[in-house]
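Q: Supplied in structure tokens, the structure appears directly below.
The values are calculated or read from the model by the stated rules, or taken from the named source; none is laboratory data. Predicted model only: the values in this text are computed from it and were never measured. Here the Cβ positions follow ideal geometry from the backbone for every residue, glycine too, while neighbour counts run over all protein chains shown.
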């Protein structure tokens, strides 16, 4: 590994060093960008969940308005529109949320919304039935009152001297008054349906119906048809009261179910919101860890790369300068072993060739000097002999 790194060019060494730092810088930038995108997405999802809660609040307000309006169908349509809007928004979130946990909670929310729709339908049916029952109560009470008025008219036609005339008139008047009282209590019950008002209304109606026995005993021979009509209308009146009671029970049950379902929707929404908060905290912590790690790695590896690259450049320069100094001082005996193939290796090889060339040159000069000295000695010897 060290020989490979030593043999690559200086430009490549610097490129690797700075490139490594740039890579970690890019990782830091990418981590920051990803974290920012994640936070933006989380913020958008949390905003969506908040909008979903706003839709739920609107739905609950319209449902209360519907109950205050005592089952008005126009207000009921408003409730249905709010529920449809809430359902559509839930379907929209189901397509935008991809996390399995979020999808699971949204699917649970869809089930609760379906149950809410069923309860709303039951409540609307109960209010419709109660309205019909009120109308029937008014109709049947009116029929009964009409029969009592007919009976009173018949009694008034009797001979004033008849001893039974006053007694019969009193019986009819008392029965009619009991029915009026029963009707008053029933109206109180239909206006404010509670267990207490229901008990009072039923007791008063039962008392009014018992008067039929006295009426039958008194008028069975003369007013059989009217008594039959009265019995029929009172039975229908009582049946209408039972229908209203059943409708009120359906409304109360639907209200109870919708209250629980509304609480379930709130719990699911809160769980989804908390999940986004937890995910945001996790992603933020992970991003911080990644940024710190990459920063430390960039610093450490940058320092290591700087030290290695510096040594790869300065050491061969120092060795080359030492050889040059020795050559300059006349020491040509040093032979530099060169194994690198980068620019510094080429420089060392050039210095080595220069030293070898100088040694050869100086060796040649020395040989020439020796030859010249030998020739001079020979010439001197010849000169002496000639003399």
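Q: Looking at this structure, is residue 241 closer than 22 Å to residue 141 by Cβ, part of a helix (DSSP H, G or I) and modelled with pLDDT under 90?
A: no
Q: So residue 122 fits all but one of (1) surrounded by fewer than 20 Cβ atoms within 10 Å (Cβ to Cβ); (2) out of contact with any helix residue (DSSP H, G or I) (no Cβ under 6 Å at 6 or more places or on another chain); (3) closer than 26 Å to residue 55 by Cβ; what number is the exception?
A: If we test residue 122 against (1) surrounded by fewer than 20 Cβ atoms within 10 Å (Cβ to Cβ); (2) out of contact with any helix residue (DSSP H, G or I) (no Cβ under 6 Å at 6 or more places or on another chain); (3) closer than 26 Å to residue 55 by Cβ, just (2) comes out false.
Q: On to the next question. Right, residue 271: part of a helix (DSSP H, G or I), assigned by the TED database to the domain that holds residue 104 and at pLDDT 85 or above or not?
A: Judged against the criteria, residue 271 is a match.
Q: Kindly list the number of the only condition in (1) more than 30 Å from residue 44 (Cα to Cα); (2) within 33 Å of the chain's Cα centre (by Cα); (3) outside the structural domain of residue 110 (by the TED database) that fails for residue 294.
A: (1)
Q: If only one of 93, 150 is surrounded by 18 or more Cβ atoms within 10 Å (Cβ to Cβ), at pLDDT below 90 and part of a helix (DSSP H, G or I), which one is it?
A: Sole residue among the options that is surrounded by 18 or more Cβ atoms within 10 Å (Cβ to Cβ), at pLDDT below 90 and part of a helix (DSSP H, G or I): 93.
Q: Sticking with this one: Being in contact with a helix residue (DSSP H, G or I) (Cβ under 7 Å, 6 or more places away or on another chain), part of a helix (DSSP H, G or I) and either more than 19 Å from residue 236 (Cβ to Cβ) or in the same structural domain as residue 150 (by the TED database) (or both) is the filter here; which residues of the range 182-197 pass it?
A: If the condition is that a residue be in contact with a helix residue (DSSP H, G or I) (Cβ under 7 Å, 6 or more places away or on another chain), part of a helix (DSSP H, G or I) and either more than 19 Å from residue 236 (Cβ to Cβ) or in the same structural domain as residue 150 (by the TED database) (or both), then 188, 197 are the ones that fit.
Q: Another one. So if I check each of 138, 144, which one is assigned by the TED database to the domain that holds residue 252 and over 18 Å from residue 231 (Cβ atoms)?
A: Matching residue, one of 138, 144: 138.
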